[in-house]
Amino acid sequence: MKKGALKKVLSVAVLSSMIFGTTTGMATQTVKAEEEKKPEIKNIIFLIGDGMGPAYTTAYRYMKDDPSTMKMEDTAFDPHLVGMQSTYSADPYHDGGPDDEKENIPDSAATATAMSSGVKTYNGAIAVDLQQEDTQTVLEAAKKKGKATGLVSTSQITHATPAAFGSHENSRQSYDKIADDFYDDLISGEHKVDVLLGGGTDYFVRDDRNLTEEFQEDGYNYVTSTEGLMNNDSEELLGLFAPVGLDKAIDRPEKQPSLEQMTSEALDTLNQDKDGFFLMVEGSQIDWAGHDNDVVSAMSEMEDFEKAYMEAIEFAKKDEHTLVVATADHSTGGLSIGEGGPYKWNTDVIKAAQHTPDYMAAQIVEEGAEVEAILNENIDFELKQEEIQSVNKAMETASEEDRLLEVDNAIESIFNERSGTGWTTGGHTGVDVPVYAYGPGSDMFAGHIDNTEQAENIFKILGASSSNDEGGELADTATNYPTGILIGALLLGAGGIILFRRRSVH
(Lines give C-alpha, C1' and ligand atoms only; values in the text may rest on other atoms or scores of the structure.)
Protein backbone atom coordinates (compact mmCIF):
# COMPACT_ATOMS: atom_id res chain seq x y z
CA MET A 1 0.00 0.00 0.00
CA LYS A 2 1.33 3.49 -0.86
CA LYS A 3 2.06 5.96 1.92
CA GLY A 4 -0.59 8.40 0.64
CA ALA A 5 -3.25 5.72 0.61
CA LEU A 6 -2.23 4.57 4.05
CA LYS A 7 -2.55 8.11 5.37
CA LYS A 8 -6.06 8.35 3.88
CA VAL A 9 -7.11 5.10 5.53
CA LEU A 10 -5.67 6.16 8.89
CA SER A 11 -7.40 9.54 8.62
CA VAL A 12 -10.72 7.84 7.92
CA ALA A 13 -10.19 5.46 10.83
CA VAL A 14 -9.33 8.24 13.29
CA LEU A 15 -12.24 10.36 12.10
CA SER A 16 -14.58 7.36 12.33
CA SER A 17 -13.39 6.66 15.85
CA MET A 18 -14.07 10.26 16.85
CA ILE A 19 -17.47 10.37 15.16
CA PHE A 20 -18.68 7.02 16.50
CA GLY A 21 -17.19 7.70 19.90
CA THR A 22 -18.90 11.07 20.04
CA THR A 23 -22.26 9.82 18.76
CA THR A 24 -22.15 6.83 21.09
CA GLY A 25 -21.33 9.15 23.93
CA MET A 26 -24.18 11.46 22.92
CA ALA A 27 -26.56 8.48 22.79
CA THR A 28 -25.42 7.37 26.24
CA GLN A 29 -25.88 10.88 27.60
CA THR A 30 -29.39 10.93 26.06
CA VAL A 31 -30.23 7.62 27.76
CA LYS A 32 -28.86 8.95 31.04
CA ALA A 33 -30.91 12.12 30.68
CA GLU A 34 -34.04 10.05 30.07
CA GLU A 35 -33.22 7.91 33.10
CA GLU A 36 -32.81 11.02 35.21
CA LYS A 37 -36.33 12.05 34.25
CA LYS A 38 -37.75 8.77 35.57
CA PRO A 39 -39.09 8.97 39.14
CA GLU A 40 -36.92 7.54 41.87
CA ILE A 41 -38.13 4.15 43.14
CA LYS A 42 -38.33 4.77 46.85
CA ASN A 43 -40.84 2.09 47.86
CA ILE A 44 -41.52 -1.45 46.65
CA ILE A 45 -44.79 -3.29 47.28
CA PHE A 46 -44.64 -6.94 46.25
CA LEU A 47 -47.96 -8.83 46.34
CA ILE A 48 -48.29 -12.60 46.00
CA GLY A 49 -51.58 -14.36 45.40
CA ASP A 50 -50.60 -17.79 46.67
CA GLY A 51 -51.88 -20.42 44.23
CA MET A 52 -53.35 -17.73 41.94
CA GLY A 53 -52.82 -19.25 38.50
CA PRO A 54 -54.32 -17.80 35.31
CA ALA A 55 -57.60 -19.71 35.72
CA TYR A 56 -58.18 -17.88 39.02
CA THR A 57 -57.74 -14.40 37.58
CA THR A 58 -59.97 -15.31 34.62
CA ALA A 59 -62.62 -16.85 36.87
CA TYR A 60 -62.59 -13.75 39.02
CA ARG A 61 -63.19 -11.64 35.90
CA TYR A 62 -66.29 -13.76 35.23
CA MET A 63 -67.37 -13.13 38.83
CA LYS A 64 -67.01 -9.35 38.42
CA ASP A 65 -68.79 -9.21 35.06
CA ASP A 66 -71.83 -7.01 34.65
CA PRO A 67 -74.30 -9.22 32.70
CA SER A 68 -76.21 -6.15 31.47
CA THR A 69 -73.28 -5.30 29.16
CA MET A 70 -71.85 -7.40 26.34
CA LYS A 71 -68.26 -6.59 27.28
CA MET A 72 -66.75 -8.48 30.20
CA GLU A 73 -65.40 -5.87 32.59
CA ASP A 74 -61.79 -5.84 33.76
CA THR A 75 -60.70 -6.67 37.26
CA ALA A 76 -58.34 -4.29 39.06
CA PHE A 77 -55.46 -6.52 37.97
CA ASP A 78 -56.11 -6.53 34.22
CA PRO A 79 -54.87 -3.01 33.24
CA HIS A 80 -51.47 -3.77 34.76
CA LEU A 81 -50.75 -7.18 33.23
CA VAL A 82 -47.17 -7.10 31.95
CA GLY A 83 -46.27 -10.76 31.43
CA MET A 84 -46.00 -14.30 32.76
CA GLN A 85 -43.46 -16.09 34.89
CA SER A 86 -42.25 -19.67 35.15
CA THR A 87 -42.41 -21.28 38.58
CA TYR A 88 -40.42 -24.54 38.56
CA SER A 89 -38.16 -25.40 41.49
CA ALA A 90 -34.76 -27.12 41.67
CA ASP A 91 -36.12 -29.99 43.77
CA PRO A 92 -34.96 -32.69 41.29
CA TYR A 93 -31.37 -31.57 41.95
CA HIS A 94 -31.59 -31.72 45.74
CA ASP A 95 -30.07 -34.62 47.65
CA GLY A 96 -32.77 -35.18 50.22
CA GLY A 97 -31.78 -38.72 51.11
CA PRO A 98 -32.90 -42.16 49.84
CA ASP A 99 -36.60 -41.54 50.45
CA ASP A 100 -36.65 -38.10 48.83
CA GLU A 101 -39.08 -37.89 45.92
CA LYS A 102 -37.80 -35.61 43.17
CA GLU A 103 -40.61 -33.18 42.38
CA ASN A 104 -40.64 -30.91 39.33
CA ILE A 105 -43.78 -29.04 40.38
CA PRO A 106 -42.94 -26.41 43.00
CA ASP A 107 -44.21 -25.72 46.49
CA SER A 108 -44.65 -22.31 48.10
CA ALA A 109 -41.35 -22.44 49.98
CA ALA A 110 -39.21 -23.00 46.88
CA THR A 111 -41.09 -20.41 44.83
CA ALA A 112 -41.00 -17.83 47.63
CA THR A 113 -37.25 -18.38 47.97
CA ALA A 114 -36.85 -17.86 44.22
CA MET A 115 -38.78 -14.59 44.39
CA SER A 116 -37.16 -13.38 47.60
CA SER A 117 -33.58 -14.40 46.82
CA GLY A 118 -33.26 -15.08 43.09
CA VAL A 119 -32.16 -18.65 43.85
CA LYS A 120 -33.74 -21.92 42.72
CA THR A 121 -33.95 -24.41 45.57
CA TYR A 122 -35.71 -27.54 46.78
CA ASN A 123 -39.34 -27.80 47.82
CA GLY A 124 -39.67 -26.96 51.50
CA ALA A 125 -36.62 -24.68 51.66
CA ILE A 126 -37.00 -21.33 53.44
CA ALA A 127 -34.43 -18.92 51.96
CA VAL A 128 -31.69 -21.52 51.76
CA ASP A 129 -30.09 -22.94 48.61
CA LEU A 130 -29.57 -26.55 47.54
CA GLN A 131 -26.62 -26.82 49.95
CA GLN A 132 -28.83 -25.39 52.73
CA GLU A 133 -26.77 -22.22 52.90
CA ASP A 134 -28.66 -19.02 53.74
CA THR A 135 -29.56 -16.82 50.78
CA GLN A 136 -29.84 -13.05 51.00
CA THR A 137 -33.43 -11.85 50.54
CA VAL A 138 -34.66 -8.62 49.01
CA LEU A 139 -36.21 -7.71 52.37
CA GLU A 140 -32.82 -8.05 54.04
CA ALA A 141 -31.17 -6.03 51.28
CA ALA A 142 -33.78 -3.29 51.73
CA LYS A 143 -33.14 -3.23 55.47
CA LYS A 144 -29.40 -2.92 54.88
CA LYS A 145 -30.14 0.09 52.68
CA GLY A 146 -31.93 1.75 55.60
CA LYS A 147 -35.47 1.08 54.43
CA ALA A 148 -38.39 -0.01 56.58
CA THR A 149 -39.69 -3.53 55.92
CA GLY A 150 -42.96 -5.38 56.32
CA LEU A 151 -44.67 -8.74 55.84
CA VAL A 152 -48.46 -9.19 55.63
CA SER A 153 -50.28 -12.49 55.24
CA THR A 154 -53.70 -14.07 55.79
CA SER A 155 -52.03 -17.33 56.82
CA GLN A 156 -49.85 -17.62 59.89
CA ILE A 157 -47.04 -15.12 59.37
CA THR A 158 -44.59 -18.03 59.81
CA HIS A 159 -46.01 -19.77 56.73
CA ALA A 160 -43.76 -20.53 53.74
CA THR A 161 -44.18 -17.35 51.70
CA PRO A 162 -43.63 -14.66 54.34
CA ALA A 163 -41.04 -16.86 56.03
CA ALA A 164 -38.88 -17.00 52.91
CA PHE A 165 -38.57 -13.20 52.88
CA GLY A 166 -37.65 -12.78 56.55
CA SER A 167 -36.08 -15.98 57.85
CA HIS A 168 -33.85 -18.93 56.94
CA GLU A 169 -34.70 -22.55 57.73
CA ASN A 170 -34.07 -25.89 56.08
CA SER A 171 -37.73 -26.89 56.44
CA ARG A 172 -40.91 -24.87 56.02
CA GLN A 173 -42.43 -26.88 58.87
CA SER A 174 -40.14 -25.20 61.42
CA TYR A 175 -42.79 -22.68 62.44
CA ASP A 176 -41.42 -22.01 65.94
CA LYS A 177 -37.90 -21.48 64.60
CA ILE A 178 -39.21 -19.14 61.90
CA ALA A 179 -40.96 -17.06 64.56
CA ASP A 180 -37.70 -17.02 66.53
CA ASP A 181 -35.84 -15.88 63.40
CA PHE A 182 -38.12 -12.88 63.06
CA TYR A 183 -36.98 -11.73 66.49
CA ASP A 184 -33.43 -13.09 66.75
CA ASP A 185 -32.00 -12.30 63.30
CA LEU A 186 -30.74 -8.73 63.38
CA ILE A 187 -29.35 -6.37 60.76
CA SER A 188 -27.09 -3.64 62.11
CA GLY A 189 -28.49 -4.36 65.56
CA GLU A 190 -32.14 -3.95 64.46
CA HIS A 191 -34.94 -6.47 63.88
CA LYS A 192 -35.10 -7.05 60.14
CA VAL A 193 -38.92 -6.81 59.86
CA ASP A 194 -40.60 -3.65 61.18
CA VAL A 195 -44.21 -4.69 60.48
CA LEU A 196 -45.50 -8.26 60.86
CA LEU A 197 -49.24 -8.80 60.30
CA GLY A 198 -51.14 -12.08 59.97
CA GLY A 199 -52.04 -15.12 62.01
CA GLY A 200 -49.86 -17.36 64.13
CA THR A 201 -50.21 -16.60 67.84
CA ASP A 202 -49.52 -20.28 68.53
CA TYR A 203 -45.95 -19.87 67.24
CA PHE A 204 -45.17 -16.65 69.08
CA VAL A 205 -46.71 -17.45 72.47
CA ARG A 206 -45.31 -20.84 73.58
CA ASP A 207 -44.37 -22.63 76.76
CA ASP A 208 -40.68 -22.09 76.06
CA ARG A 209 -40.90 -18.48 74.86
CA ASN A 210 -43.25 -15.51 74.53
CA LEU A 211 -42.08 -13.58 71.51
CA THR A 212 -44.93 -11.07 71.72
CA GLU A 213 -43.56 -9.85 75.04
CA GLU A 214 -40.01 -9.74 73.68
CA PHE A 215 -41.12 -7.65 70.69
CA GLN A 216 -43.02 -5.29 72.98
CA GLU A 217 -39.98 -4.87 75.20
CA ASP A 218 -38.12 -3.73 72.07
CA GLY A 219 -40.71 -1.08 71.25
CA TYR A 220 -43.14 -2.90 68.99
CA ASN A 221 -46.86 -2.26 69.31
CA TYR A 222 -48.58 -5.64 69.63
CA VAL A 223 -52.21 -5.84 68.44
CA THR A 224 -54.65 -8.72 68.20
CA SER A 225 -57.80 -7.16 66.73
CA THR A 226 -58.96 -4.96 63.86
CA GLU A 227 -59.61 -2.14 66.30
CA GLY A 228 -56.11 -2.38 67.74
CA LEU A 229 -54.65 -2.40 64.23
CA MET A 230 -56.56 0.68 63.12
CA ASN A 231 -55.44 2.57 66.24
CA ASN A 232 -51.75 1.84 65.79
CA ASP A 233 -49.40 4.82 66.14
CA SER A 234 -46.07 2.98 66.35
CA GLU A 235 -43.40 2.67 63.66
CA GLU A 236 -42.87 -0.98 64.62
CA LEU A 237 -45.87 -3.25 64.65
CA LEU A 238 -46.66 -6.91 65.40
CA GLY A 239 -50.24 -7.95 64.68
CA LEU A 240 -51.39 -11.54 65.24
CA PHE A 241 -55.11 -12.07 64.72
CA ALA A 242 -55.59 -15.85 64.96
CA PRO A 243 -53.90 -18.89 66.51
CA VAL A 244 -52.85 -20.09 63.05
CA GLY A 245 -54.35 -18.71 59.80
CA LEU A 246 -57.09 -16.09 59.70
CA ASP A 247 -60.62 -17.21 58.86
CA LYS A 248 -61.54 -17.28 55.17
CA ALA A 249 -62.44 -13.82 53.87
CA ILE A 250 -66.17 -14.56 53.50
CA ASP A 251 -66.26 -16.08 57.01
CA ARG A 252 -63.97 -13.60 58.75
CA PRO A 253 -65.37 -11.95 61.90
CA GLU A 254 -65.01 -8.20 62.35
CA LYS A 255 -62.32 -8.64 65.00
CA GLN A 256 -60.05 -10.10 62.31
CA PRO A 257 -58.89 -7.52 59.74
CA SER A 258 -59.22 -7.93 56.00
CA LEU A 259 -56.11 -8.12 53.84
CA GLU A 260 -56.97 -4.63 52.61
CA GLN A 261 -57.00 -3.27 56.17
CA MET A 262 -53.69 -4.95 57.03
CA THR A 263 -52.13 -3.62 53.83
CA SER A 264 -53.41 -0.10 54.48
CA GLU A 265 -52.04 0.00 58.02
CA ALA A 266 -48.73 -1.52 56.93
CA LEU A 267 -48.36 1.20 54.28
CA ASP A 268 -49.21 3.97 56.76
CA THR A 269 -46.70 2.61 59.25
CA LEU A 270 -43.83 1.93 56.84
CA ASN A 271 -44.30 5.21 54.99
CA GLN A 272 -43.05 7.05 58.06
CA ASP A 273 -39.51 6.02 57.11
CA LYS A 274 -37.92 8.79 55.01
CA ASP A 275 -35.70 6.24 53.24
CA GLY A 276 -38.65 4.28 51.89
CA PHE A 277 -39.77 0.70 52.42
CA PHE A 278 -40.17 -2.83 51.10
CA LEU A 279 -43.49 -4.55 51.79
CA MET A 280 -44.55 -8.09 50.86
CA VAL A 281 -48.30 -8.81 50.97
CA GLU A 282 -49.64 -12.35 50.54
CA GLY A 283 -53.18 -13.47 49.78
CA SER A 284 -52.37 -16.84 51.34
CA GLN A 285 -55.66 -18.64 51.28
CA ILE A 286 -56.34 -18.57 47.55
CA ASP A 287 -54.00 -21.55 47.71
CA TRP A 288 -55.82 -23.15 50.62
CA ALA A 289 -59.11 -22.91 48.72
CA GLY A 290 -57.48 -24.56 45.71
CA HIS A 291 -56.14 -27.43 47.80
CA ASP A 292 -59.68 -27.88 49.11
CA ASN A 293 -61.24 -27.63 45.61
CA ASP A 294 -63.54 -24.97 47.08
CA VAL A 295 -64.65 -22.43 44.47
CA VAL A 296 -66.60 -20.34 47.00
CA SER A 297 -63.52 -19.83 49.13
CA ALA A 298 -61.32 -19.29 46.08
CA MET A 299 -63.42 -16.42 44.74
CA SER A 300 -63.86 -14.77 48.15
CA GLU A 301 -60.09 -14.90 48.67
CA MET A 302 -59.56 -13.41 45.21
CA GLU A 303 -61.79 -10.50 46.18
CA ASP A 304 -59.85 -10.02 49.42
CA PHE A 305 -56.59 -9.99 47.46
CA GLU A 306 -57.91 -7.62 44.80
CA LYS A 307 -58.91 -5.07 47.44
CA ALA A 308 -55.41 -5.19 48.93
CA TYR A 309 -53.95 -4.79 45.45
CA MET A 310 -56.15 -1.75 44.83
CA GLU A 311 -54.94 -0.26 48.13
CA ALA A 312 -51.36 -0.66 46.94
CA ILE A 313 -52.10 0.85 43.52
CA GLU A 314 -53.84 3.88 45.05
CA PHE A 315 -50.89 4.46 47.35
CA ALA A 316 -48.51 4.24 44.39
CA LYS A 317 -50.56 6.65 42.29
CA LYS A 318 -50.47 9.30 45.00
CA ASP A 319 -46.85 8.72 45.94
CA GLU A 320 -45.37 8.46 42.39
CA HIS A 321 -42.16 6.87 43.75
CA THR A 322 -43.61 3.42 44.47
CA LEU A 323 -43.30 0.26 42.39
CA VAL A 324 -46.10 -2.29 42.75
CA VAL A 325 -45.62 -5.86 41.50
CA ALA A 326 -48.22 -8.60 41.89
CA THR A 327 -47.93 -12.23 40.88
CA ALA A 328 -48.51 -15.80 42.09
CA ASP A 329 -46.05 -18.36 43.37
CA HIS A 330 -47.75 -21.21 41.47
CA SER A 331 -51.27 -22.39 40.66
CA THR A 332 -53.25 -24.73 42.87
CA GLY A 333 -55.98 -27.30 42.25
CA GLY A 334 -56.05 -27.31 38.46
CA LEU A 335 -59.09 -25.03 38.46
CA SER A 336 -61.13 -25.07 35.25
CA ILE A 337 -63.88 -22.68 34.18
CA GLY A 338 -66.33 -25.24 32.90
CA GLU A 339 -66.53 -28.97 33.59
CA GLY A 340 -68.27 -32.04 32.21
CA GLY A 341 -69.26 -30.75 28.80
CA PRO A 342 -71.69 -27.78 28.91
CA TYR A 343 -70.07 -24.51 27.80
CA LYS A 344 -71.30 -22.62 30.83
CA TRP A 345 -69.88 -21.43 34.13
CA ASN A 346 -72.57 -20.20 36.50
CA THR A 347 -71.23 -17.51 38.82
CA ASP A 348 -74.65 -16.93 40.40
CA VAL A 349 -74.27 -20.26 42.19
CA ILE A 350 -71.01 -19.12 43.77
CA LYS A 351 -72.42 -15.71 44.68
CA ALA A 352 -75.32 -17.43 46.44
CA ALA A 353 -73.05 -18.65 49.24
CA GLN A 354 -73.13 -16.64 52.46
CA HIS A 355 -70.28 -18.64 53.97
CA THR A 356 -67.75 -21.23 52.82
CA PRO A 357 -68.43 -24.97 52.83
CA ASP A 358 -65.76 -25.15 55.58
CA TYR A 359 -67.89 -22.90 57.78
CA MET A 360 -71.10 -24.85 57.09
CA ALA A 361 -69.41 -28.20 57.72
CA ALA A 362 -68.04 -26.97 61.05
CA GLN A 363 -71.51 -25.81 62.10
CA ILE A 364 -72.94 -29.22 61.28
CA VAL A 365 -70.17 -31.48 62.61
CA GLU A 366 -68.70 -29.47 65.49
CA GLU A 367 -71.71 -27.43 66.62
CA GLY A 368 -74.36 -30.12 66.05
CA ALA A 369 -76.52 -28.01 63.73
CA GLU A 370 -79.13 -29.71 61.54
CA VAL A 371 -77.92 -30.27 57.97
CA GLU A 372 -80.86 -28.90 55.96
CA ALA A 373 -81.28 -25.88 58.22
CA ILE A 374 -77.61 -24.84 57.91
CA LEU A 375 -77.59 -25.32 54.15
CA ASN A 376 -80.76 -23.28 53.65
CA GLU A 377 -79.50 -20.59 56.00
CA ASN A 378 -76.21 -20.13 54.11
CA ILE A 379 -77.12 -20.84 50.47
CA ASP A 380 -79.39 -18.52 48.50
CA PHE A 381 -80.71 -21.00 45.96
CA GLU A 382 -83.22 -23.81 46.33
CA LEU A 383 -81.45 -27.05 47.13
CA LYS A 384 -82.43 -30.36 45.57
CA GLN A 385 -83.28 -33.21 47.89
CA GLU A 386 -80.43 -35.31 46.52
CA GLU A 387 -77.99 -32.49 47.38
CA ILE A 388 -79.20 -32.34 50.96
CA GLN A 389 -79.09 -36.12 51.13
CA SER A 390 -75.47 -36.21 49.96
CA VAL A 391 -74.46 -34.12 52.97
CA ASN A 392 -76.58 -36.25 55.32
CA LYS A 393 -74.93 -39.37 53.92
CA ALA A 394 -71.46 -37.96 54.53
CA MET A 395 -72.46 -37.13 58.08
CA GLU A 396 -73.82 -40.62 58.71
CA THR A 397 -71.24 -42.80 56.98
CA ALA A 398 -67.90 -41.06 57.55
CA SER A 399 -65.72 -42.03 60.46
CA GLU A 400 -65.52 -39.59 63.34
CA GLU A 401 -61.99 -38.72 62.26
CA ASP A 402 -62.99 -37.98 58.65
CA ARG A 403 -66.50 -36.60 59.23
CA LEU A 404 -65.65 -32.89 59.04
CA LEU A 405 -63.67 -33.41 55.83
CA GLU A 406 -66.33 -35.56 54.16
CA VAL A 407 -69.20 -33.20 55.01
CA ASP A 408 -67.09 -30.31 53.71
CA ASN A 409 -66.40 -32.22 50.48
CA ALA A 410 -70.10 -32.96 49.99
CA ILE A 411 -71.02 -29.29 50.31
CA GLU A 412 -68.19 -28.24 48.00
CA SER A 413 -69.47 -30.71 45.41
CA ILE A 414 -72.84 -28.96 45.38
CA PHE A 415 -71.21 -25.67 44.38
CA ASN A 416 -68.76 -27.26 41.94
CA GLU A 417 -71.45 -29.25 40.10
CA ARG A 418 -74.01 -26.45 40.06
CA SER A 419 -71.52 -23.84 38.82
CA GLY A 420 -69.66 -26.09 36.37
CA THR A 421 -66.33 -25.76 38.16
CA GLY A 422 -63.68 -28.39 37.51
CA TRP A 423 -60.55 -29.37 39.44
CA THR A 424 -57.76 -31.73 38.44
CA THR A 425 -55.83 -32.08 41.70
CA GLY A 426 -55.75 -31.31 45.39
CA GLY A 427 -52.16 -30.14 44.97
CA HIS A 428 -50.21 -27.65 42.87
CA THR A 429 -49.82 -27.47 39.10
CA GLY A 430 -46.76 -26.38 37.13
CA VAL A 431 -48.30 -23.74 34.85
CA ASP A 432 -46.86 -20.27 34.30
CA VAL A 433 -48.56 -17.51 36.30
CA PRO A 434 -49.40 -13.86 35.50
CA VAL A 435 -47.29 -10.86 36.47
CA TYR A 436 -48.77 -7.41 37.06
CA ALA A 437 -46.77 -4.24 37.61
CA TYR A 438 -47.39 -0.53 38.07
CA GLY A 439 -45.16 2.47 38.69
CA PRO A 440 -41.54 3.35 37.96
CA GLY A 441 -39.51 0.30 36.98
CA SER A 442 -42.57 -1.76 36.00
CA ASP A 443 -41.11 -2.39 32.53
CA MET A 444 -38.37 -4.50 34.16
CA PHE A 445 -40.98 -7.18 34.88
CA ALA A 446 -42.51 -7.32 31.38
CA GLY A 447 -42.60 -10.30 29.02
CA HIS A 448 -41.90 -13.88 29.97
CA ILE A 449 -39.65 -14.03 33.01
CA ASP A 450 -38.59 -16.63 35.55
CA ASN A 451 -39.62 -16.21 39.17
CA THR A 452 -35.96 -15.69 40.14
CA GLU A 453 -36.00 -12.50 38.04
CA GLN A 454 -38.43 -10.94 40.50
CA ALA A 455 -35.67 -10.87 43.10
CA GLU A 456 -32.96 -10.03 40.58
CA ASN A 457 -34.90 -6.96 39.45
CA ILE A 458 -35.58 -5.81 43.00
CA PHE A 459 -31.92 -6.25 43.95
CA LYS A 460 -31.03 -4.03 40.96
CA ILE A 461 -33.52 -1.39 42.05
CA LEU A 462 -32.07 -1.46 45.56
CA GLY A 463 -28.54 -1.24 44.17
CA ALA A 464 -27.73 -4.45 46.01
CA SER A 465 -26.54 -7.93 45.15
CA SER A 466 -27.97 -11.32 45.98
CA SER A 467 -24.91 -12.19 48.07
CA ASN A 468 -24.93 -11.62 51.81
CA ASP A 469 -22.70 -8.57 51.62
CA GLU A 470 -24.40 -5.22 51.24
CA GLY A 471 -23.41 -4.78 47.62
CA GLY A 472 -23.20 -1.39 46.01
CA GLU A 473 -24.65 0.80 43.35
CA LEU A 474 -24.85 -0.81 39.95
CA ALA A 475 -21.83 -0.09 37.80
CA ASP A 476 -22.20 2.20 34.80
CA THR A 477 -21.49 -0.25 32.02
CA ALA A 478 -21.79 2.28 29.19
CA THR A 479 -18.70 2.51 26.95
CA ASN A 480 -18.31 5.56 24.74
CA TYR A 481 -14.96 6.05 23.05
CA PRO A 482 -13.91 2.39 23.22
CA THR A 483 -16.94 1.57 21.07
CA GLY A 484 -15.93 4.25 18.57
CA ILE A 485 -12.36 2.98 18.49
CA LEU A 486 -13.57 -0.54 17.82
CA ILE A 487 -15.80 0.60 14.95
CA GLY A 488 -12.97 2.78 13.61
CA ALA A 489 -10.64 -0.18 13.68
CA LEU A 490 -13.13 -2.23 11.71
CA LEU A 491 -13.39 0.56 9.14
CA LEU A 492 -9.59 0.71 8.99
CA GLY A 493 -9.44 -2.95 8.11
CA ALA A 494 -12.24 -2.62 5.56
CA GLY A 495 -10.56 0.41 3.97
CA GLY A 496 -7.24 -1.40 3.73
CA ILE A 497 -8.87 -4.34 1.98
CA ILE A 498 -10.60 -2.09 -0.53
CA LEU A 499 -7.39 -0.20 -1.39
CA PHE A 500 -5.42 -3.44 -1.61
CA ARG A 501 -7.98 -4.86 -4.03
CA ARG A 502 -7.91 -1.66 -6.09
CA ARG A 503 -4.14 -1.84 -6.33
CA SER A 504 -4.31 -5.48 -7.31
CA VAL A 505 -6.89 -4.78 -10.03
CA HIS A 506 -5.01 -1.84 -11.48
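The values are calculated or read from the model by the stated rules, or taken from the named source; none is laboratory data. If you're wondering where the values come from, they're calculated on a predicted model, not measured in any experiment. Virtual Cβ from ideal backbone geometry, glycine too; neighbours counted across all protein chains shown.
Considered as a group, the residues in segment 275-316 that are assigned to a helix (DSSP H, G or I) and charged (D, E, K, R) include one that is farthest from Tyr438 (Cα to Cα), and that residue is Asp287. Being on the phi < 0 side of the Ramachandran plot and assigned to a loop (DSSP other than H, G, I, E, B) is the filter here, so list the residues in segment 408-431 that pass it. Across segment 408-431, the qualifying residues are Trp423, Thr424, Thr425, Gly426, Gly427, Gly430, Val431.
This table checks each residue for (1) assigned to a strand (DSSP E or B); (2) small (Gly, Ala, Ser); (3) farther than 21 Å from Ser284 by Cβ.
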site	(1), (2), (3)
Leu196	yes, no, no
Asp208	no, no, yes
Phe215	no, no, yes
Gly219	no, yes, yes
Glu227	no, no, yes
Asp233	no, no, yes
Leu238	yes, no, no
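When segment 317-338 is filtered for residues that are within 27 Å of Ala55 (Cβ to Cβ) and surrounded by fewer than 21 Cβ atoms within 10 Å (Cβ to Cβ), the ones remaining, listed by number, are Gly334, Ser336, Ile337, Gly338. Restricting to segment 318-370, name every residue that is under 30 Å from Pro39 (Cβ atoms) and touching a residue at least 12 places away in the same chain (Cβ under 8 Å). Those that are under 30 Å from Pro39 (Cβ atoms) and touching a residue at least 12 places away in the same chain (Cβ under 8 Å): Asp319, Glu320, His321, Thr322, Leu323, Val324, Val325, Ala326, Thr327, Ala328, Asp329. Does Ile157 satisfy being more than 22 Å from Asn43 (Cβ to Cβ) and buried (at least 20 other Cβ atoms within 10 Å of the Cβ)? No. For beta carbons closer than 9 Å, sequence separation of 6+ or different chains, a first residue in segment 59-82 that is of a type in the set (Val, Ile, Thr) and a second that is assigned to a loop (DSSP other than H, G, I, E, B), the qualifying pairs are Val82/Ala446. In segment 452-463, is there at least one residue being polar (S, T, N, Q), over 30 Å from Leu383 (Cβ atoms) and touching a Ser or Thr at 6+ places or on another chain (Cβ under 9 Å)? Taking every residue of segment 452-463 in turn, at least one turns out to be polar (S, T, N, Q), over 30 Å from Leu383 (Cβ atoms) and touching a Ser or Thr at 6+ places or on another chain (Cβ under 9 Å). Surrounded by 24 or more Cβ atoms within 10 Å (Cβ to Cβ), in the same structural domain as Gly96 (by TED's automatic domain parsing), under 12 Å from Thr113 (Cβ atoms) and out of contact with any Pro (no Cβ under 7 Å at 6 or more places or on another chain) - does that describe any residue in segment 129-137? Checking segment 129-137: at least one residue is surrounded by 24 or more Cβ atoms within 10 Å (Cβ to Cβ), in the same structural domain as Gly96 (by TED's automatic domain parsing), under 12 Å from Thr113 (Cβ atoms) and out of contact with any Pro (no Cβ under 7 Å at 6 or more places or on another chain). Residues considered: Met310, Met230. Of these, the only one that is over 22 Å from the mean Cα position of the chain (by Cα), surrounded by fewer than 22 Cβ atoms within 10 Å (Cβ to Cβ), of a type in the set (A, V, I, L, M) and on the phi < 0 side of the Ramachandran plot is Met230.
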